[in-house]
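Everything on this sheet refers to the single structure shown next.
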Amino acid sequence: MADERWEVYSPSTKQYLGEMKETAPEQISIMFNEARQDFDMWRKLTVKERLAYIEKLRDILLNELEKATEVISGSNGKVKVDALVADIMPVLDFISFLKKDAATILERQKAKTPIVFLGKQSYVDYMPRGVVAVISPWNYPFQLTMVPVLSAIIGGNTVIAKPSEITPIVGTYMEELFEKAGFPKGVIQFAHGGKEVGEAIIEQKPDYIFFTGSVATGKIIASEAAKHLIPVTLELGGKDPMIVCHDANIERAAKGAVWGAFTNSGQVCMSVERLYVDERIYEPFVKAVQKEVALLKQGVDVKHDIGSMTFKKQVTIVREHVQDALEKGAVLATGKRPEEWEEDTMFIEPMVFTSVTEDMKLIQEETFGPLLPIIPFGDEKEAIKKANASPYGLNASVWSSDLRKAEQIASELVSGAVIINDVLISVANHHLPFGGAKQSGIGSYHGVQGLRMFCYEKAVMKDAGKKRSELQWYPYEGKYDAFKSLIQSYYGSSKNYPAFLKSFLDLLKKSK
């Protein structure tokens, strides 16, 4: 509806956060008109001039760090340390990356020119695409909006951003940040609302679409974009495996598994959702994990490790996966059965499962919740086969004291990223590409490619224009034998430079 409003409450504290008004679909076309008008101005600024706005935004964010942390924590249900370290700090680090490297990455890049085009020069320019649509999720509502938005803006694009309607107060806070930083109105605009607003944005045919979210929604967006040949980047789900070899540091791996599975209540596309452990260390490893889980504190204060779930629908999915696993024979090693959960709770205690089989939903489907199934394997080949037996391929980790073996296992995993003896952290390295294989997405961002993908590449070759003619121009008469000799002498396995030079000079004479 054009004037739909809804009240927003914290999922963890139930505190009233405010009232939101959905952006009317008819307003979306006005926003696109403003974005296209300001694009002509914004694209003409240098990277340094655009960066000045971004640095001002950074300074404002640093000055109100406590407010930003409270907005994210209250809206999402995650504890404040997670909000600060995993949502805000990566954005600040990304701005540092832009300050240091953006101008070099986006500047004109010289390219080689074949010798047959002697006298010409070649280069590549990175040109902004136009209006970019950024549609972002609720699990990391700040980071997963700000990084693609800033990536698009630094390249000279204007942006229409649609934050998740599940954490809308974070969306309005980001909007306020850009306003305080003095960005021209049409450079970055926020459209608030749900499915209808997202559809209205796609209907306006943006020049590029960057989507982070579920596989199901990603497929719909890709289908609609394909009708108009709109390029897309899709950052989708995962069912990330963790492989623990017999020679791994058990204590470290157990601690890593617990953090990797339960940070942000498991609502991470790169969560450890399948944990494969060498059968020789399986029992002591499970005990080590149980010991670490027992130390976790759940709540809403800074002393707590795990907060609440964010989205009620996700609680239902977690419940279904737990019930399916228990019905099929899984053993609950830590945590409570669904019938023991408090009514209408958003807090789910971390659950560790053993006696898990491959047909269970918590192995086959993305859970996005605090579940950790632990499965034994006989040898590394079996572990690799099981890890790759998934439609997803976003992230993975390998744990071993033998780094050469770990690297070999990593090379065989079908995954956008693999981390050795740690978990999740590749997404926080802005020098590395972040993206998935298989149904975990299309394309990647971060790093050099993460900035250039928001631009189209313009290949340019230039000539001084002083010669009357070129070798390959008309007339063709008398050139066949010379070209044949040139090709044979230059492209053969043994280059014959004297023959090549003779053919080249012969062609020059015939081209005058």
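The values are calculated or read from the model by the stated rules, or taken from the named source; none is laboratory data. Remember, predicted model here, so these are calculated numbers, not experimental data. Virtual Cβ from ideal backbone geometry, glycine too; neighbours counted across all protein chains shown. Note: areas computed on protein heavy atoms with side chains; ligands, DNA, RNA excluded. Shrake-Rupley method; radii C 1.70, N 1.55, O 1.52, S 1.80 Å.
Report the label-to-label distance for residue 304 and residue 116 in nanometres (one decimal), using points 7 Å from each Cα along the Cα→Cβ vector.
Roughly 6.9 nm, to one decimal.
First select every other residue whose beta carbon is under 14 angstrom from the beta carbon of residue 113; then total the charges, Lys and Arg +1, Asp and Glu -1.
For residues surrounding residue 113, the net value is +2.
Radius of gyration and Dmax for segment 1-134's Cα atoms, expressed in Å?
Spelled out, the Cα radius of gyration and Dmax of segment 1-134 are 21.6, 71 Å.
How do 349-359, 499-509 rank on mean C-beta neighbours within 10 Å, highest first?
349-359, 499-509
Going through the cross-link list 303/336; 312/336; 287/336; 381/438; 78/205; 313/361, which pairs have a Cα-Cα distance over 25 Å in this structure?
78/205
Under the Kirkwood approximation applied to all pairs of distinct alpha-carbon atoms, what is the hydrodynamic radius of segment 381-512 in Å?
Result for segment 381-512, one decimal place: 20.0 Å.
How many percent of all Cα-Cα pairs in segment 229-269 sit more than 11 Å apart?
Cα-Cα pairs in segment 229-269 separated by more than 11 Å: 73 percent.
Could you run the Debye sum over the Cα atoms of segment 160-278, one equal point scatterer each and no solvent, and tell me log10 of I(q)/I(0) at q = 0.13, 0.19 Å⁻¹, two decimals?
Treating every Cα as an identical point scatterer, log10 I(q)/I(0) equals -0.71, -1.04.
Which value, in Å², gives the accessible area per residue of the chain when a 1.4 Å probe is used on the protein heavy atoms?
Heavy-atom SASA per residue in the chain reads 46 Å².
On a full-extension model of 0.36 nm per residue, what is the gain between residue 316 and residue 29, subtracting their alpha-carbon distance, rounded to one decimal in nm?
99.7 nm
Over segment 420-512, what relative contact order in percent results from Cα pairs under 8 Å that are six or more residues apart?
19 percent
Just the number, please: Stokes-Einstein D of segment 94-146 in µm²/s, Kirkwood Rh from C-alpha pairs, 37 °C, 0.692 mPa s.
Answer, rounded: 222 µm²/s.
In whole angstrom, note down how far apart the Cα centers of segment 59-132 and segment 316-337 are.
So the two Cα centres are separated by 41 Å.
Expressed as a rounded percentage, what relative contact order does the chain have, with Cα pairs under 8 Å and six or more residues apart?
16 percent
Starting from the Cα of residue 99, draw a straight line to each of the lysines and keep only those under 25 Å, dropping any in the same chain fewer than 8 residues away.
44, 48, 56, 67, 110, 180, 185, 458
Which log10 I(q)/I(0) values, to two decimals, does segment 414-488 give at q = 0.13, 0.16, 0.20 Å⁻¹ under the Debye formula with one point per Cα?
Debye output, listed in q order: -0.64, -0.72, -0.96.
Which FRET efficiency value, to the nearest 0.05, is calculated for residue 290 and residue 411 with the Förster distance at 35 angstrom and r the Cβ-Cβ distance?
0.60
With labels modelled as points extended 7 Å from the Cα through the Cβ direction, what inter-label distance (nm, one decimal) is found for residue 67 paired with residue 180?
0.4 nm
Peptides 114-120, 492-498: what's the order by average Cβ count within 10 Å, highest mean first?
In decreasing order of mean packing, 114-120, 492-498 become 114-120, 492-498.
Taking the Cα of residue 467, stepping 7 Å toward and past its beta carbon, and measuring to each backbone N in segment 485-510: which are under 13 Å?
Once the point is set 7 Å along Cα→Cβ of residue 467, 504-510 turn out to lie under 13 Å by backbone N, inside segment 485-510.
Just to make sure I understand: if all protein chains stay in place, what is the order of 282, 16, 173 by accessible area at 1.4 Å, largest first?
16, 282, 173
What percentages make up the Cα-Cα pair-distance distribution of segment 353-432 when the bins are 10 Å wide from 0?
Result, from short to long distances: 16, 48, 32, 4 percent.
Hull surface divided by four, with the convex hull built on the Cα atoms of the chain: how many nm²?
Seen from a random direction, the Cα hull of the chain projects 29.6 nm² on average.
Would you work out the relative contact order for segment 211-350, in percent, from Cα pairs under 8 angstrom that are 6 or more residues apart?
With pairs under 8 Å counted, the relative contact order is 19 percent.
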